[in-house]
1. Pick from region 323-353 the residues that are in a helix (DSSP H, G or I) and basic (Lys, Arg): which of them is surrounded by the most Cβ atoms within 10 Å (Cβ to Cβ)?
2. Determine the pairs where a residue that is among the small types (Gly, Ala, Ser), located within region 438-457, has a partner that is within 12 Å of the ligand (Cβ to nearest atom) with Cβ atoms under 7 Å apart, the partner being 6 or more residues away or on another chain.
3. Taking helices (runs of 4 or more DSSP H) that do not extend beyond region 93-193, which have at least 2 residues that are open to solvent by 30 Å² or more (accessible area, probe 1.4 Å) and more than 10 Å from the ligand (Cβ to nearest atom)?
4. If we only count strands (runs of 3 or more DSSP E) wholly inside region 227-322, which ones have 1 or more residues that are open to solvent by 30 Å² or more (accessible area, probe 1.4 Å)?
5. What about Asn452, is it within 16 Å of the ligand (Cβ to nearest atom), on the phi > 0 side of the Ramachandran plot and not assigned by TED's automatic domain parsing to the domain that holds Val286?
6. Within the bounds of region 68-78, is there any residue that is within 12 Å of the ligand (Cβ to nearest atom), among the small types (Gly, Ala, Ser) and in contact with a Cys (Cβ under 9 Å, 6 or more places away or on another chain)?
7. Would you please name the residue that is farthest from Glu256 (Cα to Cα), looking only at residues in region 404-425 that are open to solvent by 50 Å² or more (accessible area, probe 1.4 Å) and within 21 Å of the chain's Cα centre (by Cα)?
8. Mind checking whether some residue in region 73-85 is at pLDDT 95 or above, part of a strand (DSSP E or B), of a type in the set (S, T, N, Q) and open to solvent by 10 Å² or more (accessible area, probe 1.4 Å)?
Amino acid sequence: MPEAPALDPRLARALVEVVGADHLLTDPDVTAGAAVDWTGRFRGATPAVVRPGSAAEVAGVVQRCAAEGVALVPQGGNTGLVGGSVPLAGEVVLSSARLAGVGDVDPDGGRITAGAGTSIAAVQAAAAEAGWAYGVDWAARDTATVGGSVATDAGGLHVVAHGSTRAQLLGVEAVLGTGEVLDDLGRLEKDATGYDLSGLLCGSEGTLGVVTAARLRLVPALPDRALAALGFGSWADAVTAVGLLRRGLPGLEAAEAHGAAEAALVAGHLGASPALDPPPAVTLLVGCAGHGDQVDALAAAVDGLAGVTGAAVADDGARRAALWRHRESMTEAISTLGSPHKMDVSLPADALAGFAEEVPARIAAVAPEARTWLFGHLGDGNLHVNVTGVAPDDAAVDDAVLGLVLERRGSISAEHGVGTAKRRWAAEQRGPTAMAAMAAIKAALDPAGILNPAVLL
Ligand SMILES: Cc1cc2nc3c(=O)[nH]c(=O)nc-3n(C[C@H](O)[C@H](O)[C@H](O)COP(=O)(O)OP(=O)(O)OC[C@H]3O[C@@H](n4cnc5c(N)ncnc54)[C@H](O)[C@@H]3O)c2cc1C
């Protein structure tokens with residue numbers, strides 16, 4: 001772990017005045033966890049973790065740090081996977097831990113306001129209690145936060161049904177890099193009054209402002225579900241099937257895929273049999289939700305698919321949970337092999353299968369000792385390419401994968417963001433005009449350049 005720079009005593013006193021002595025943490029044993037990311041690939045050092053308890057305190061922290069020219073890294077659950085949430089250049093960490101809490105659900109409008117530090121699971125629970133559901137869900141739900149999900153425009157398992165976090169976001173409260181509080185929480189469903197500033201903060205990865213709260217749309221809670229694991233002989237057959245399911249299965253809620261080696265790895269990790277045994281070349285997990293028994297609707301849709309080599313249908317909660325465990329434990333199972341290089345990419349539908357077939361060879365060409373693991377949200381054209389067996393700072397495999405993505409007209413980040421890991425490639429994908437526009441926005445909202453200066457731009 002790199003050496004942490006010292007915190008200037010004058011700044012330390014100023015921060016204590018804002019948050020109180022209990023919430024400025026400087027003991028390296030206490031702050032160490034905030035300096036390393038979930039994968040262990042990105043390790044930094046920080047002089048302090050500061051935990052403001054309100055938007056006004058966040059504003060005070062940002063103003064004090066801007067005055068001293070000290071950079072900040074906003075941090076929520078620290079489950080981000082692109083090195084954007086950790087202090088790689090000795091920044092102070094601004095933790096949202098004390099900004100947690102959910103407000104009342106608007107029962108007719110289907111909206112909820114939640115503090116930035118609230119976990120996604122807590123938002124889901126509050127929505128369920130009011131007879132609604134939150135449309136975004138993923139395996140890190142107990143730790144990942146509202147602020148982090150807005151900052152990364154998190155996607156997850158149900159984008160095929162409800163869109164990513166951006167689609168749920170009505171408004172935010174945020175402290176801009178200028179130290180001003182932007183209160184955009186009152187935005188309505190139909191509201192054509194100028195720029196979508198909350199939308200601008202969504203996906204900005206903590207570079208423009210610190211999100212302190214968000215107003216989120218909810219979706220109807222659907223009581224009945226069915227889930228099937230379908231086997232296919234190729235990625236091409238699985239992609240065609242997903243296209244047909246999107247048209248033919250109105251309650252489609254999830255379409256997740258992984259390869260045969262991935263199925264075997266996760267089954268070994270769980271000490272269970274693979275969902276389909278022996279694992280087919282591609283396993284597609286198809287979930288649907290609605291009112292009334294969903295198994296018939298799912299079975300009828302599956303009947304119309306070509307290329308299905310095997311199927312297992314889960315029609316009760318316990319069997320559904322067992323199937324989901326295979327999918328949701330994938331990230332964890334891969335991490336048992338060491339710190340993986342994680343590339344989360346999306347491709348146009350007509351390029352998806354070709355990419356999946358070609359990418360292992362491209363990786364092997366630059367790193368013959370590497371292992372490639374492929375899984376992802378096939379319904380959204382999103383594949384996670386994980387590579388194990390290469391050193392954390394060896395970028396050759398990242399370059400090979402992301403180069404192929406751009407050749408195939410894809411995006412180098414589907415849902416995790418650019419972070420520090422993919423800045424060069426973001427510039428290549430978006431081009432000089434878009435990057436200059438982003439830099440101009442950054443200069444306007446964070447003129448001192450103190451919010452996540454090592455991220456994105
Ligand atoms: C097991 C596992 C599974 C995952 N699956 C998915 C998945 O399916 N889909 C998906 O999209 N992601 C997934 N992720 C990634 C991760 O959970 C998301 O990126 C999530 O949105 C990060 O939230 P966080 O609170 O942990 O943010 P952090 O990791 O703390 O931060 C992420 C970024 O947001 C910024 N940030 C954090 N809080 C704020 C704030 N209040 N204001 C401004 N900026 C802020 C940080 O500076 C950083 O750039 C997964 C991660 C794990 C570990």
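1. The extreme case among them is Arg327.
2. Ala448/Gly177; Ala454/Leu88; Ala454/Thr420
3. Working: elements: 120-129, 146-152, 159-162, 165-168.
Once the helices (runs of 4 or more DSSP H) in region 93-193 are filtered for at least 2 residues that are open to solvent by 30 Å² or more (accessible area, probe 1.4 Å) and more than 10 Å from the ligand (Cβ to nearest atom), what remains is 120-129, 159-162, 165-168.
4. Working: elements: 252-259, 282-290, 308-314.
Correct list: 308-314.
5. The answer is yes for Asn452.
6. To start, the set of residues in region 68-78 that are within 12 Å of the ligand (Cβ to nearest atom) comprises 71-78.
Checking the rest, the ones that are also among the small types (Gly, Ala, Ser) come to 71, 76-77.
Checking which are in contact with a Cys (Cβ under 9 Å, 6 or more places away or on another chain) leaves us with 71.
Scanning region 68-78, I find at least one residue that is within 12 Å of the ligand (Cβ to nearest atom), among the small types (Gly, Ala, Ser) and in contact with a Cys (Cβ under 9 Å, 6 or more places away or on another chain), so the answer is yes.
7. Arg424
8. Pass one, region 73-85, residues at pLDDT 95 or above: 73-80, 84-85.
The next check asks that each one be part of a strand (DSSP E or B); those that pass are 73-75.
Then drop every residue that is not of a type in the set (S, T, N, Q), which leaves 75.
Next, from what is left, pick out any that are open to solvent by 10 Å² or more (accessible area, probe 1.4 Å): 75.
Yes: region 73-85 contains one or more residues that are at pLDDT 95 or above, part of a strand (DSSP E or B), of a type in the set (S, T, N, Q) and open to solvent by 10 Å² or more (accessible area, probe 1.4 Å).
The values are calculated or read from the model by the stated rules, or taken from the named source; none is laboratory data. Everything numeric in this text was worked out from a predicted model, so none of it was measured. Note: ideal-geometry Cβ built from the backbone for every residue, glycine included; neighbour counts use all protein chains shown. Heavy atoms of the whole protein, side chains included, go into the accessibility calculation; ligands, DNA and RNA do not. Shrake-Rupley method; radii C 1.70, N 1.55, O 1.52, S 1.80 Å.
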